[in-house]
Amino acid sequence: MTLYKEKHVVAIGGGHGLGRILSALKDFGENATGIVATTDNGGSTGRIRHCQGGIAWGDTRNCINQLITSPSISSMMFEYRFKGAGELDGHNLGNLMLTALDNLSVRPLDAINLIRNILKVDINIIPMTEHPSDLKALAKNGQWVTGETSVDEMAERLVRLDLWPEVPATSEGVLAIEQADAIILGPGSFLTSIMPPLLLPEIGRAIEVNSDAKLIFIENLSPESGPAGKMSLKEKLEWCERACRGRKIDIIVGEGKHPELSNWNCFTTSLASPNREWRHDRDKLQSVIESLLIE
């Protein structure tokens, strides 16, 4: 299909949601780009960051895992998770491999590209930044917390979300946004996957400037917990648009109808996987994205 050769698509997010979108974009090959959140400080990723510093690799690794189409010894190594009672228990070998390349002074993006070449992953994977940074959130009661896991555990509604320290966006990610025909936000954890890349001023500005691209927001299929679960969909859209310097989201894609979103164009369609109602079906996502690009 000429669509795959002519159109460029950028998806922004983290973890499972972004991986799902990128797997739906596999036919676009190098014309598809994922810009990945790098603020995670939990699990294996958090332990590595605590000991070694650097950006969070877990979401990047998760995206790469979902794009591996030809299982091999290399892919099994990359996905391997240690078990046992020692310090390696729970660590993912892919995280350790990326950390090792970082420690060898290999640029994070070059490290990702090396792994992509080994695992034959065509889609571009770009970290939102190549510098370590954490989420910092302000609750309605005036409490500040730092760290993605702490943000997720907050009981209060949030009034502000920042990156600390302030870091620059990866220039290749900004360029991909500027050249995109479609920019996709979500699905995924709103505060800890979708918002972190948008908090980088260069990314928000690039989305604002590329007014020709269709800016698409894809809803989650199940409710979130934590402070994100206390936000309405309208509030989430407003947070995104504020981060993008007032750029209007063109299309909201989801399964439910939202009469309260009269100021937005909502596209209602079936998205759920037949055997997992909370998980998006790759083929359905692919069909929706292609139809929106053709319009």
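Taking the range 1-54, which residues are open to solvent by 10 Å² or more (accessible area, probe 1.4 Å), touching a Pro at 6+ places or on another chain (Cβ under 8 Å) and outside any helix (DSSP H, G or I)? Scanning the range 1-54 gives 53, 54.
This table checks each residue for (1) acidic (Asp, Glu); (2) within 15 Å of the chain's Cα centre (by Cα).
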| residue | (1), (2) |
| --- | --- |
| 118 | no, no |
| 124 | no, yes |
| 128 | no, yes |
| 162 | yes, no |
| 165 | no, no |
| 177 | no, yes |
| 190 | no, yes |
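Within the range 243-283, the only residue that satisfies the criterion of being of a type in the set (Asp, Glu), in contact with a Ser or Thr (Cβ under 8 Å, 6 or more places away or on another chain) and under 18 Å from residue 18 (Cβ atoms) is 281. Elements of the type strands (runs of 3 or more DSSP E) sitting completely within the range 193-295 and holding at least 3 residues that are touching a residue at least 40 places away in the same chain (Cβ under 8 Å), in contact with a strand residue (DSSP E or B) (Cβ under 7 Å, 6 or more places away or on another chain) and surrounded by 12 or more Cβ atoms within 10 Å (Cβ to Cβ): these cover 214-218.
Among residues of the range 170-192 being in a loop (DSSP other than H, G, I, E, B) and of a type in the set (S, T, N, Q), the one that is surrounded by the fewest Cβ atoms within 10 Å (Cβ to Cβ) is 179. Condition check for residue 162 on (1) at pLDDT 95 or above; (2) over 22 Å from residue 199 (Cβ atoms); (3) in contact with a strand residue (DSSP E or B) (Cβ under 9 Å, 6 or more places away or on another chain): one failure, at (2). Filtered by the rule that a residue be in a loop (DSSP other than H, G, I, E, B) and closer than 19 Å to residue 204 by Cα, the range 133-169 gives 133, 165, 166, 167, 168, 169. Could you please let me know if residue 163 is open to solvent by 10 Å² or more (accessible area, probe 1.4 Å) and under 22 Å from residue 224 (Cβ atoms)? Yes, satisfied.
Listed by first and then second residue, the pairs linking a residue in the range 136-149 that is on the phi < 0 side of the Ramachandran plot and at pLDDT 95 or above to a residue that is surrounded by fewer than 17 Cβ atoms within 10 Å (Cβ to Cβ) and of a type in the set (Lys, Arg), with Cβ atoms under 7 Å apart and 6 or more places separating them unless they lie on different chains, are 137/160; 138/160.
The values are calculated or read from the model by the stated rules, or taken from the named source; none is laboratory data. Remember, predicted model here, so these are calculated numbers, not experimental data. Heads up, the Cβs are rebuilt from the backbone with ideal geometry, glycines too, and the neighbour counts pull from every protein chain shown. Each accessible area value is taken on the protein alone, full model and side chains, heavy atoms only, with ligands, DNA and RNA left out. Shrake-Rupley method; radii C 1.70, N 1.55, O 1.52, S 1.80 Å.
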